[in-house]
Amino acid sequence: MEGDTPEAVATNARAAAEMGFTAIKFDPIPVGYGDMTQDALVRGVTERVAAARNAVTSDVDIILELHRKLTPLQALPVIEAIAQFNPLFVEDAIQIDSIVSQAEVARRVSTPIANGERLHTIWEFRELLVHGGSQYVRPDVGLAGGLTHTRKIAAIAESFHCAVVTHNFLGPVLTAAAVHLDTAIPNFVTQEYTLSDEDSKWSGFSGILQRQGGYLLPPEVPGLGLQLVDPTVVAPLGPLGSRPLHHIPLRADGSVCVRRMKVLLVGGAGLVGTFVTPYLQAQHSLRVLDLRPPRHADVEFVEGSITNSEDVRRALDGMDTFINMVMKSPQGGSSNEQTLTQIVENYEVNTLGLHLLLWTAHGLGITRGVHTSTMSVHYRERTWYPSEEATPLDTPSVYGLTKGFGEGICQYFARWFDMNLIALRITGPRTREQFLTERRGQGSEQHLYWTDEEDLARAYLAALDAVQIGHGRFDAVFIAGDELEAEHNLSKARRLLNWEPRSQKYLSS
């Protein structure tokens, strides 16, 4: 379960409970924890766990995934502080390197400890349990020798009165294998499960286990119960999680940890910048370049224009990366009516301004960034957009035309200046209130899929992560709140950004 703030944790916890889940798992460690005092760290974790417990009361178990982020000296007070909320277990509080250290933490706290997703053999698990390092083991059926070897691990755990909760997030095939194991052992407690199992990218399989509320029913057919019926379906997993596994997060001083990047929001005082700022601010340090101050008083502000190279240079100074959010008000995505003022302003901002931004950024050594494009680069009367590359840039509007030219400028800087850039072709950005109102009231003839503020912010965050890897590459990506993919093929967003719209869950609340 995601959630960077106590409020987001509570919202997502309630949504999971309403879907029928009997346990929820999330990471309660605040962004920027590596630079926090011990007290701030403990308080930040406690606030998030309290929010989850208050949201689901005692009807749902809470599991806390710490992702091996803490040292033993940090882990002990953190686990002691959250014991009052009765978590089912705390997983991977410290690095797995030392079995002795795992045992020391487990012996000194009353809350059950779990680990094992980084262990793969019966000998490793036995050593862990002999030293008293865990009350729950988390072998991955796909990594720990398959069903036979994992069954042996479960038997060893049983002899130590230790429970088994298999590690599982690689898709419905692994889920089916884990469920088969669950039915064959006496020390099974709960099954890890991700909603990505229900994604359309697995359409090449038949017999995928269907979740019924918070439960999975084991199949009654031979084998795992799944069959590959269409091997032509192209659905690579892409990055596993919110960042590629080889992208090492760092502290502000450069040491290994989750690092808050310094991000310039060009045009960040506008509509999109205003409603995504709280989401971006939770993970990164922000500065805004705009003609007017941002509505968020705690965000650094540089007054200026994207069309003024000195303003752009002042704003970029000291930044790690940027998101260009400048957009002139369009005259209509399907209209070719335009005034002289609209022509001049769109060319100045969407082409000249973007070129100046990228040229200045490159000169300062900032070679990675995100550009806000639009679905209006295409003719908007289509009922299906098959892919970013297959759909022509054939807009009738000068706004969409110049935004399309802007993507060409990004491609130029990627090719000749070795920059890493992603353009998000966003559709109908909306605040949460607008999203709920318009999606609930849209008619059968409505073909524009509004994108909720949280989904859009997640796309920006994912794009910021994606451009940190590699060099000299440009990609344009569809971002739309079209969760059924009735009109937009979002496979590239899933593959490249591990992104898909999720805000539809709020429609039923």
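Farthest toward the dipole's positive end in the range 337-433, which of VAL344, LEU357, LEU424, given Cβ charges of +1 (Lys, Arg) and -1 (Asp, Glu) about the Cα centre?
Toward the positive end, the furthest listed residue is LEU424.
Roughly what % antiparallel, to the nearest 5, for the DSSP beta bridges in the chain?
10 percent
So with the 1.4 Å probe, I'd like the accessible area per residue for the range 256-307, rounded to whole Å².
Accessible area per residue, the range 256-307: 43 Å².
With an 8 Å Cα cut-off and a minimum separation of 6 or more residues, compute the relative contact order for the chain in percent.
On the way: 972 pairs, mean separation 48.2, N = 509.
Relative contact order here is 9 percent.
What nm distance separates the two modelled labels at GLN434 and GLN212, each placed 7 Å from Cα along Cα→Cβ?
For GLN434 paired with GLN212, the spin-label model returns 4.2 nm.
Given Cβ point charges of +1 (Lys, Arg) and -1 (Asp, Glu) and nothing else, what value in debye, to the nearest 20, does the dipole of the range 1-141 about its Cα centre take?
280 debye
With charges set only on the Cβ (+1 for Lys and Arg, -1 for Asp and Glu), what does the dipole of the chain come to about its Cα centre, in debye to the nearest 20? Intermediate results must be reported in sequence, preceding the final value.
Values: 44 positive and 60 negative charges, 111 e Å.
It works out to roughly 540 debye.
In the chain, if the dipole is taken from +1 on Lys/Arg beta carbons and -1 on Asp/Glu beta carbons about the Cα centre, which of PRO172, SER491, ILE366 is farthest to the positive end?
It is ILE366.
Karplus couplings for the range 205-210 from phi (6.51 cos²θ - 1.76 cosθ + 1.60, θ = phi - 60°), rounded to Hz, Gly and Pro as x?
Result, rounded to whole Hz: 10, 10, x, 4, 4, 9.
Would you be so kind as to identify which of ASN12, SER397, LEU73 lies farthest towards the positive end of the dipole of the chain, taking Lys and Arg as +1 and Asp and Glu as -1 on Cβ and the Cα centre as origin?
Of the candidates, LEU73 comes out farthest on the positive side.
Using the alpha-carbon atoms, what tilt in degrees (0 to 90, nearest 10) does helix 271-281 show relative to the longest principal axis of the chain?
30 degrees
About the Cα centre of the range 85-150, what is the dipole size in debye to 20, counting +1 per Lys and Arg Cβ and -1 per Asp and Glu Cβ, all else neutral?
Roughly 180 debye for the range 85-150.
Heavy atoms only, probe 1.4 angstrom, no DNA, RNA or ligands counted: give me TRP123, TRP384 ranked by accessible area, highest first.
Descending order: TRP123, TRP384.
Rounded to the nearest 0.05, what FRET efficiency is calculated for THR383 and GLU303 with R0 set to 60 Å and r the Cβ-Cβ distance?
Computed FRET efficiency for THR383 and GLU303 comes out at 0.90.
Using a 1.4 Å probe over the heavy atoms of the protein chains, calculate the carbon and sulfur portion of the accessible area of the chain as a whole percent.
Whole-percent figure for carbon plus sulfur exposure: 53.
In square angstrom, rounded to the nearest 10, how much accessible surface does GLU127 have for a 1.4 Å probe?
Rounded to the nearest 10, that gives 90 Å².
How far is it, in nm, from the label point at ILE469 to the one at ARG292 when both lie 7 Å from their Cα along the line to the Cβ?
So the two model labels end up 4.0 nm from each other.
7 Å from Cα along Cα→Cβ at both ARG43 and HIS67: what's the point-to-point distance in nm?
The answer from the label model is 2.3 nm.
Measuring with a 1.4 Å probe in the full set of protein chains, what accessible area per residue, in whole Å², belongs to the range 403-498? Could the numbers behind the result be given before it?
Details: 3580 Å² over 96 residues.
For the range 403-498, the per-residue accessible area is 37 Å².
Excluding same-chain residues fewer than 8 positions from LYS201, which lysines have a Cα within less than 27 Å of its Cα?
List returned: LYS25, LYS492, LYS505.
Working with all protein chains in place, sort LYS505, LYS25 by solvent-accessible area computed with a 1.4 Å probe, largest first.
Greatest to least solvent exposure: LYS505, LYS25.
Considering only protein heavy atoms, with the full assembly of protein chains and a 1.4 angstrom probe, order GLU345, GLU192, GLU65, GLU80 by accessible area, largest first. If you can, show how the numbers build up before the last one.
On the way: GLU345 75, GLU192 35, GLU65 10, GLU80 110 Å².
So the residues, ranked largest to smallest area, are GLU80, GLU345, GLU192, GLU65.
Just subtract the alpha-carbon distance of TRP123 and TYR506 from 0.36 nm times their residue separation and send over the number in nm, one decimal.
Numbers: separation 383, 0.36 × 383 = 137.88 nm, distance 4.59 nm.
Result for the pair: 133.3 nm of gain on full extension.
The values are calculated or read from the model by the stated rules, or taken from the named source; none is laboratory data. Only a predicted model underlies this, so the values are computations on that prediction, with no experimental measurement involved. Using ideal geometry, Cβ is built from the backbone for each residue, glycine included, and neighbour counts are taken over all protein chains shown. These area figures cover heavy atoms from the full protein model, side chains too; ligands, DNA and RNA do not enter into them. Shrake-Rupley method; radii C 1.70, N 1.55, O 1.52, S 1.80 Å.
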